[in-house]
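A short write-up of the structure that comes next.
Every read-out reported here was derived from the displayed coordinates using simple, explicitly stated rules and does not represent laboratory data. The structure presented is a predicted model; accordingly, all values stated were derived computationally and were not measured. Glycine gets a Cβ as well: all are built from the backbone with ideal geometry, and neighbour counts include every protein chain shown.
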Amino acid sequence: MSLSKQLLTLLTLIFLIVFSVNFFMSMNNIRSYLQGESEVHVQNTATSLGLSLSPHMENETDPILRTMMNAIFDTGYYKEMRLLDVDGNELVRLSNPDDVSGVPDWLIELLPIKTATAVSEISNGWNIAGSLHVTSNPGYGYLKLYEQFKSTLQLSLLILVAATLLLLVVLRMILRPLQAITRQADDISAGKFTTIDELPWTREVRSVANSMNSMSIKIGQTIQNLNSRLDKLTDEVNRDPLTQLFNQATFNVDIKQLLSTGEAGYVIYIKLDALSAIIKKHGKHAVDNLLKSFSGELQQMPFPALRCYRWYGSEFAVIQTGADGNDVKALAQQVQRIASRLGEQYDQHDLLHMGIVPFARNSEFERLQPALIEAYKQALLIGENAYFIKQDTLSSMNDIGWKTTIEQVIAEDGIIITFTNAAYSYDDNLQPQLVMREAFTEVRDNTGQPFPIGTLFSMAEAFGASVALDQHIVRKVLQQLSQEATPAPVMINLSRSALSSAEFQQWLANEISQSNIDPALLAFGVSAYIAAKDLDAYRQFSLFVRQLGAASLLKRYSSDVIPVDMLKDLQIDYIRLARELTKDIHSNTHKSDLLNTIQQIASLIEVRVLAESVINNKDFQWLQQAGLFGISR
């Protein structure tokens with residue numbers, strides 16, 4: 001019950017108690033007044049009527065006695081009149097029935113009015129001739145009491161309604177600041193650190209509002225500072241410290257993301273072959289200057305959709321998306337000009353060689369680097385600063401083959417589900433507890449060799465079969481969970497199309513409701529890169545799965561893809577860190593500082609952090625001490 005309803009109920013009860021006591025006392029006083037008035041009235045009637053009857057008492061049979069008594073009795077204010085002679089014999093008796101019409105019985109029982117009887121002696125000269133007995137009729141008193149009861153009750157009800165309305169207005173004015181404070185608390189919980197501009201006039205509530213504003217500002221500033229630090233640390237982790245180009249780990253993440261979303265383009269592998277000769281002639285410092293100069297020239301090349309990387313030592317890579325053969329040739333020729341100009345400065349005309357490979361949706365990441373090395377070796381045979389474009393596809397099948405395979409997988413139940421990447425929560429005082437697993441999908445060809453699963457899903461997206469594939473996977477996962485004696489939480493990967501598919505969401509809700517699996521055991525995951533493509537769609541999907549009682553998870557998470565402070569707004573429950581963020585973290589201060597910052601912000605916005613496939617024991621020990629929600633090995 002809300003505070004306003006509680007206060008309204010309390011004050012109404014107090015009003016009813018006070019009103020009831022006051023009302024009963026008032027009615028009791030009115031009854032006492034009416035009863036006293038009745039006693040005085042019958043006494044006056046008895047006295048005056050007795051004086052009027054006195055001259056006629058000489059003849060006790062005189063009809064004028066009854067006539068005079070009837071004239072007074074017929075007014076109805078009397079229950080009974082009796083005229084007695086001096087010996088006590090009854091001469092005249094007049095009476096009314098006991099019924100009181102129009103008055104409820106409960107009022108008569110609750111507030112009884114006693115009948116008053118007055119006696120007046122009648123004299124004849126100096127002698128007593130008889131006596132007159134007059135008894136009041138309480139019916140008129142009850143009628144007046146009942147009318148007073150109704151009018152008082154009506155007036156009290158009007159006062160109650162008016163007081164209630166006034167109380168509602170006053171309570172609304174008093175509690176409106178509390179509603180603003182509640183909204184502010186909800187905003188803070190959602191990661192929006194708002195302040196209350198119109199402070200309430202009630203001193204106590206104003207103090208609470210000021211405290212809330214102070215807390216919101218401090219938390220907001222803390223997260224802002226952590227985010228600034230996080231951006232800097234993320235950039236340092238993703239870049240080569242000498243050239244400030246992106247490193248090979250970032251290259252691997254980027255190319256996998258491009259392949260998963262069906263992007264097409266070219267990768268250029270560049271290797272500076274003359275570094276050893278330059279070191280002998282000019283020293284290591286000259287090589288560092290050469291690498292910096294070459295990196296700067298790469299970044300300044302006027303080509304669209306270009307991203308440059310330094311792998312290790314003399315190895316560089318360039319990704320150009322949306323390019324055709326002519327575009328990549330122009331790009332390679334520009335690199336040749338840069339090599340010729342820099343080579344002259346160090347007396348090296350043959351500075352580098354380039355291997356170029358195209359990629360598309362059906363390309364397989366595992367085939368990329370061997371193809372680049374092969375193309376580079378072909379360039380070595382061509383001549384100085386030469387390049388070679390290897391046109392061989394990076395896929396084991398063409399588009400028709402992939403489409404046929406996907407259709408067969410769905411029709412023939414060719415999917416194998418295994419639960420991998422088991423993440424445990426580690427506590428010094430407790431046994432490790434399983435907090436999350438991943439439902440890994442595997443598809444094998446006729447020879448028993450696994451298909452590249454990333455390419456399979458990418459091609460399914462291209463052919464419009466990704467939602468059907470997701471449904472098939474979810475159904476198999478639910479079946480396997482139902483067969484477990486003690487089911488544990490599991491993450492199910494979904495495609496980008498499933499996030500915005502109303503048909504899939506309706507199907508998912510029905511499938512979960514019909515199964516005997518607790519929805520709390522299910523976490524639906526996509527990569528951070530896919531979620532970043534359409535944040536609104538992902539937010540709506542996260543809200544949807546929360547309504548089902550399930551959870552949402554971002555895998556391969558890195559703060560440069562989606563800022564940490566946005567996670568609460570996206571209704572995220574879990575993030576699983578990219579493997580590169582935790583690899584060698586025990587010896588990399590940039591990574592350790594980065595993860596500490598992510599963990600601090602995630603704790604503030606109530607998002608649980610998971611680490612994936614931690615191999616090194618020292619890395620595991622460091623992550624265990626960092627207090628992550630779960631770690632898989």
Residues whose built amide H sits under 5 Å from the amide H of Tyr424, excluding neighbours closer than 5 in sequence, are Val435, Ile631, Ser632
Note on the range 124-193: the mean projected area of its alpha-carbon convex hull, in nm², is 9.7 nm²
With Cα coordinates, the longest principal axis of the chain makes an angle with the long axis of helix 466-482, in degrees rounded to 10, of 70 degrees
What one gets for the range 294-351 as the Kirkwood radius, inverse of mean 1/r over different Cα pairs in Å, is 12.2 Å
Per the Kirkwood formula over distinct C-alpha pairs, the hydrodynamic radius of the range 523-622 in angstrom is 13.9 Å
Check: C-alpha center the range 302-348 vs C-alpha center the range 575-623, spacing in Å is 34 Å
Under Stokes-Einstein, the range 248-389 at 25 °C and 0.890 mPa s, with its Kirkwood radius over C-alpha pairs, diffuses with a coefficient in µm²/s of 160 µm²/s
Projected onto the charge dipole of the range 248-389 (unit charges on the beta-carbon of Lys, Arg, Asp and Glu, signs +1, +1, -1, -1), the Cα from Gln320, Asn362, Leu275 with the largest positive-side position is that of Leu275
Over its alpha-carbon atoms, the range 404-545 yields an Rg and a Dmax in Å of 15.9, 53
Taking the chain and counting helices only, DSSP H stretches of n ≥ 4 at -39,500 (n - 2.57) each over all residues, the nearest-500 ellipticity at 222 nm comes to -18000 deg cm²/dmol
Given pairs Lys555/Lys583; Lys232/Lys284; Lys555/Lys618; Lys533/Lys591; Lys271/Lys583 and cut-off 19 Å on Cα-Cα distance, the over-length ones are Lys232/Lys284; Lys555/Lys618; Lys533/Lys591; Lys271/Lys583
If each K or R counts +1 and each D or E counts -1, the residues other than Ile181 whose Cβ falls under 14 Å of its Cβ total -2
Neighbours of Asp584 by Cβ distance under 9 Å: Lys/Arg at +1, Asp/Glu at -1, summed charge +2
Sorting Gly383, Leu16, Asn59 by the position of each Cα along the dipole of the chain (Lys, Arg +1; Asp, Glu -1; all at Cβ), the one nearest the positive end of that ordering is Gly383
For the chain, longest principal axis from Cα atoms; helix 64-73 axis from its Cα atoms; angle between them, nearest 10 degrees, is 10 degrees
Amide H contacts under 5 Å for His353, restricted to residues at least 5 apart in sequence or on another chain and with H modeled in the peptide plane, are Lys271, Asp273
With +1 at each Lys and Arg Cβ and -1 at each Asp and Glu Cβ, the charge dipole magnitude of the range 3-161 around its Cα centre, to the nearest 20 debye, comes out at 960 debye
With +1 on the Cβ of every Lys and Arg and -1 on the Cβ of every Asp and Glu, the dipole magnitude of the chain about its Cα centre, in debye rounded to the nearest 20, is 2340 debye
Per-residue Cβ contact counts at 10 Å, fewest first, order Glu121, Glu606 as Glu606, Glu121
Percent of all alpha-carbon pairs of the range 396-475 at distances over 16 Å, whole number, is 56 percent
Inter-part gap, Cα centre of the range 260-289 to Cα centre of the range 396-448, in whole angstrom, is 38 Å
For the chain, the charge dipole (Cβ of Lys, Arg +1; Cβ of Asp, Glu -1; about the Cα centre) points to a positive end, and the Cα of Leu49, Ala116, Gly102 closest to that extreme belongs to Gly102
Residue by residue through the range 368-384, the couplings from Karplus 6.51 cos²θ - 1.76 cosθ + 1.60 with θ = phi - 60°, in Hz, x for Gly and Pro, are 5, 5, x, 5, 5, 5, 5, 5, 4, 5, 5, 5, 4, 7, 7, x, 5
Rounded to whole angstrom, the alpha-carbon centroid of the range 47-73 lies from that of the range 104-167 at a distance of 28 Å
For the range 399-632, the dipole about the Cα centre with charges only on Cβ (Lys and Arg +1, Asp and Glu -1), to the nearest 20 debye, works out at 180 debye
Diffing the range 151-157: the Karplus 3J(HN,Hα) column from phi (6.51, -1.76, 1.60, θ = phi - 60°), in whole Hz with x for Gly and Pro, holds 5, 5, 5, 4, 5, 5, 5
Exposure-ranked with fewest Cβ neighbours within 10 Å first, Lys591, Lys114, Lys403 stand as Lys114, Lys403, Lys591
Residues whose modelled amide H sits under 5 Å from the amide H of Glu121, counting only those 5 or more places away in sequence or on another chain, are Leu132
Taking Rh as the Kirkwood radius computed over alpha-carbon pairs of the range 3-161 and applying Stokes-Einstein at 25 °C with viscosity 0.890 mPa s, one gets a diffusion coefficient in µm² s⁻¹ of 134 µm²/s
For the chain, the Cα gyration tensor yields equivalent-ellipsoid semi-axes (√(5λ), largest first, whole Å) of 102, 28, 20
